[in-house]
1. Identify, from the list B:Ala25, B:Ala41, B:Ala49, the residue that is over 26 Å from B:Leu106 (Cβ atoms), in contact (Cβ under 8 Å) with a residue 24 or more places away in the chain and in a helix (DSSP H, G or I).
2. Among the listed residues A:Leu113, A:Leu96, which satisfies the condition of being at pLDDT below 90, among the hydrophobic types (A, V, I, L, M, F, W, C) and not in a helix (DSSP H, G or I)?
3. So B:Glu141 ticks every box in (1) more than 7 Å from every other protein chain (Cβ to nearest Cβ); (2) modelled with pLDDT of 80 or more; (3) more than 27 Å from A:Ala149 (Cβ to Cβ) but one. Which box is left unticked?
4. For A:Val120, are the conditions met, namely being modelled with pLDDT under 90, of a type outside the set (D, E, K, R) and touching an Asp or Glu at 6+ places or on another chain (Cβ under 6 Å)?
5. What residue, of A:Ala31, A:Ala58, is assigned to a helix (DSSP H, G or I), surrounded by fewer than 19 Cβ atoms within 10 Å (Cβ to Cβ), among the aliphatic types (A, V, I, L, M) and at pLDDT 90 or above?
6. State the number of residues belonging to segment A:62-89 that are in a helix (DSSP H, G or I), more than 10 Å from every other protein chain (Cβ to nearest Cβ) and at pLDDT below 80.
7. Inspect segment A:3-16 for any residue being outside any helix (DSSP H, G or I), in contact with a Pro (Cβ under 9 Å, 6 or more places away or on another chain) and within 11 Å of chain B (Cβ to nearest Cβ) and give the result as yes or no.
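The values are calculated or read from the model by the stated rules, or taken from the named source; none is laboratory data. These numbers were taken from a predicted model, which means no experiment stands behind them. Cβ atoms come from the backbone with ideal geometry, glycine included; neighbour counts cover every protein chain shown.
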Amino acid sequence: MVLATDDRLLIQAASAGDERAFEVLVRRHGARVYRVALRMLGSPEEAEEAAQDAWLAAWRGLPGFRRESAFSTWLYRIVTNRCLGVGSGRAEVEPLEHDLPDPGPRTDEQAELRARLAAVTRGILALTPEQRVPIVLRELEGLPYDEIAAVLDVSVQAVKSRIHRARASLWRETRSWR
Amino acid sequence: MEGDAVVALDEPMRLECGVEVGELAAQVADRLPPTNAEHQATCPHCQAALAQLNALWGDVRELARREVSMPERVVQEVLARAREERPGSEQLPLRELVPRLLNHALLEGPRGSTRIAESVITEIARRAALAEPGVAGLQPERPGDTGLSLAVDRHHVRLVVRLRVRFGYSAPEVAANVRTRVIDAVETLTGLHAERVDVVVADLSADG
């Protein structure tokens, strides 16, 4: 990432208690944390709570942040763990569509797209946590396999096989309404 | 969490023609060349699944492109709460440092896989630790905690054991013995590899 050096200084300052440095980090990386929470949980309310928890955990944990992993990797790990904590008994959530921007005057086409995206999100929520985390990181965040492996602390091979199964499950979940 | 070992059937999902759905999905999602182009070209099952997968991934990519930003009120709330405490005021618990994804350890065999629930592993470790004479008990870090935490990655296990040591026993000796007992018990009884056992002597027991 281009901003890596900047991040390093900010992280150092924030670890020492500099709230302004922390604020820059929150604004810089906030969207990614919130986005993952929203995709993992489906509901904006829960995502806000999980993102907030994740950021506070990051603030508390900053002094222990080990430089061998990228800051974004560390954040992804914290937020996915937070979401898994919320996530027991997920799946029954009946969410979404409301996270899509209001299209203004609706055409049938837009309405149909919204319905399809909502169905994709439902399909993702129906996955087991083991599959949901890597699929969100891969397909929605666009992370390479090795970074997902670093987030989950498993081998690249393990990530690939989970994503392999997750994709098949997603297909099965969404096939019925297509 | 269930307290038993379950045997999972991890068969890949296949189409009627025998082709793995995951293979076709990878082809679409990662834009890979087909692994079996001739078969695909003529197979109606593959053709139908590919059409569905292409449509599905069109939507997945559309979802990925949606702009999402963290609401300002979340930023404000985080900053307000951060101001109330210093960083490092609380150690991140182990579960924040290692992924919490898998709550089963996994042993792959040629005729199926075995999953062992985390609760099974912690129970084995708990009994092994308590068998050491110098140990008065496990010391939970906070209410609701067991004094034992673990992370599993397939067949590798890392554990943290928090102990209350009986007064009069050498703490490092007790810790070393507990480590050996826990490693032996976990490895013998589960077949998993106990990669690391960290022992925290968290308290002394006055009753000697």
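1. Of B:Ala25, B:Ala41, B:Ala49, the one residue that is over 26 Å from B:Leu106 (Cβ atoms), in contact (Cβ under 8 Å) with a residue 24 or more places away in the chain and in a helix (DSSP H, G or I) is B:Ala49.
2. A:Leu96
3. (2)
4. Considered against the rule, which asks whether it is modelled with pLDDT under 90, of a type outside the set (D, E, K, R) and touching an Asp or Glu at 6+ places or on another chain (Cβ under 6 Å), A:Val120 comes out as no.
5. A:Ala31
6. Adding up the residues that qualify gives 1.
7. Looking through segment A:3-16, at least one residue is outside any helix (DSSP H, G or I), in contact with a Pro (Cβ under 9 Å, 6 or more places away or on another chain) and within 11 Å of chain B (Cβ to nearest Cβ).
Residues checked against (1) out of contact with any Asp or Glu (no Cβ under 8 Å at 6 or more places or on another chain); (2) modelled with pLDDT of 90 or more:
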position: B:Leu9; (1), (2): yes, no
position: B:Glu23; (1), (2): yes, yes
position: B:Asn54; (1), (2): yes, yes
position: B:Val60; (1), (2): no, yes
